[in-house]
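In what follows, a structure is listed as structure tokens, so that the remarks can point back to it.
The values are calculated or read from the model by the stated rules, or taken from the named source; none is laboratory data. Note that the coordinates shown come from a computational prediction; the quantities given were computed from them, not determined experimentally. So basically every Cβ, Gly included, is an ideal-geometry build from the backbone, and we count neighbours across all protein chains shown.
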Amino acid sequence: MPRFIVNYVKVVDYLSLKCGRLAMYLIFVMIGVLLLDAVTRNIINIPLSWCIEMAQFTITAYYIVGGPYSMQLDSHVRMDLLYSKFSPVNQARLDCFTALFLVIYLVCLLIGAISSTRYAIEYDQHKFSQWNPSMVPIKLIMVFGIVLMLLQSVSIFFKDLAKARGTELS
């Protein structure tokens, strides 16, 4: 493989690794927020209106930013009826083929996410609730996560292409 592809794969894998490991800690943030909600609601009898929505935003950031890391580790859920019966080379060939559909899907998702984020910024969109948080931060995280997933999908495509050709991408 050309040197720029090898460098691309290394950079994207490093970025996915760091963002994914950072996203792993968001589960503790969510647990802390939900614990705070439980304590203030049930023990102190002072319900906080923002806790549940903050937990929802945190778990959304967790899976959107952690998704590329999950793909990198090949620990995502896969529908496997025949795939495991194929040789590693044929699995890589099939992955190259299906990666094209994934990239098309992610590009469409990214176009929608950018449009939605532009709308949220332009009209100062807030969630209609008692807390009334701005939607801009979570939509920016959504765009970042989709871009990272797109970059990681291309990286995995290059790895599978190398494997399908009988070489390894180092």
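Odds and ends about this structure:
- Positions within region 130-170 being assigned to a loop (DSSP other than H, G, I, E, B) and of a type in the set (Ser, Thr, Tyr), in sequence order: Thr167, Ser170
- Of the residues making up region 39-74, those that are among the small types (Gly, Ala, Ser) and either in a helix (DSSP H, G or I) or buried (at least 16 other Cβ atoms within 10 Å of the Cβ) (or both) are Ala55, Ala61, Gly66, Gly67, Ser70.
- Residue in region 5-14 that is exposed (fewer than 15 other Cβ atoms within 10 Å of the Cβ), assigned to a helix (DSSP H, G or I) and of a type in the set (A, V, I, L, M) present: yes
- The residue list Val147, Val103, Val77 contains one member that is modelled with pLDDT under 95, under 15 Å from the mean Cα position of the chain (by Cα) and surrounded by fewer than 17 Cβ atoms within 10 Å (Cβ to Cβ), which is Val77.
- Subset of region 150-170 [closer than 17 Å to Leu17 by Cβ, of a type in the set (S, T, N, Q) and modelled with pLDDT under 95]: Ser170
- Filter result for Gln130 (surrounded by 14 or more Cβ atoms within 10 Å (Cβ to Cβ) and of a type outside the set (A, V, I, L, M, F, W, C)): no
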